[in-house]
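> Dumping the structure here so I can ask a few things about it.
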Amino acid sequence: MRVGINGFGRIGRLALRAAWEWPELEFVHINEVKGGAETAAHLLKFDSVHGRWAPEVDGTGSSVSIDKKYLSFSDATKPGVVPWEAVGVRMVLACSSM
């Protein structure tokens with residue numbers, strides 16, 4: 001199942017960390033309005049409560065990579081305009097407070 005995350009605050013990041021190695025899920029897209037992909041990658045890697053996450057994490061303007069697996073990234077304020085279908089998302093985790 002190809003998964004997207006809408007809202008990459010603490011809940012979105014912890015959901016991805018918890019399910020990253022589940023073989024039935026493939027995370028492919030993140031939508032987060034604050035900070036951009038670089039900030040999202042940094043906060044995913046370094047959590048003030050749960051500590052450093054072991055995988056290699058990096059962010060660029062249009063993606064977050066986790067152990068060289070690239071997840072596309074957007075910063076749409078309305079989830080309805082995110083190109084979920086274009087990247088093959090079949091399930092979106094709603095982790096936003098909006």
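> For residues that are under 13 Å from residue 16 (Cα atoms) and in contact with an Asp or Glu (Cβ under 9 Å, 6 or more places away or on another chain), tally how many sit in region 32-53.
Qualifying residue count, region 32-53: 4.
> For the structure I just gave you, tell me whether residue 38 is of a type in the set (Asp, Glu), within 12 Å of the chain's Cα centre (by Cα), surrounded by 15 or more Cβ atoms within 10 Å (Cβ to Cβ) and at pLDDT 95 or above.
no
> Ok, one more. Need a quick list: strands (runs of 3 or more DSSP E) entirely within region 1-63 having at least 2 residues that are touching a Ser or Thr at 6+ places or on another chain (Cβ under 6 Å).
Ranges flagged: 26-31.
> What are the pairs, 6+ residues apart or on separate chains, where a residue within region 1-28 that is open to solvent by 30 Å² or more (accessible area, probe 1.4 Å) has its Cβ under 7 Å from a residue that is of a type in the set (Lys, Arg) and outside any strand (DSSP E or B)?
If the second residue must be of a type in the set (Lys, Arg) and outside any strand (DSSP E or B), the pairs left are 1/90; 2/90.
> Right, another one. Name, by its number, the condition in (1) buried (at least 16 other Cβ atoms within 10 Å of the Cβ); (2) free of Cβ contacts under 8 Å to residues at least 40 places away in the same chain; (3) under 19 Å from residue 6 (Cβ atoms); (4) of a type in the set (Gly, Ala, Ser) that does not hold for residue 80.
The failed condition is (1).
> How many residues does region 51-77 hold that are surrounded by fewer than 14 Cβ atoms within 10 Å (Cβ to Cβ) and within 14 Å of residue 9 (Cβ to Cβ)?
So the count comes out to 0.
> Another one. Assess whether residue 88 counts as being out of contact with any Ser or Thr (no Cβ under 9 Å at 6 or more places or on another chain) and on the phi > 0 side of the Ramachandran plot.
yes
The values are calculated or read from the model by the stated rules, or taken from the named source; none is laboratory data. Fair warning: this is a prediction, and the values are worked out from it, not measured in the lab. FYI the Cβ positions are ideal-geometry reconstructions off the backbone, even for glycines, and counts take in every protein chain you see. The accessibility values were calculated without ligands, DNA or RNA, using every heavy atom of the protein model including side chains. Shrake-Rupley method; radii C 1.70, N 1.55, O 1.52, S 1.80 Å.
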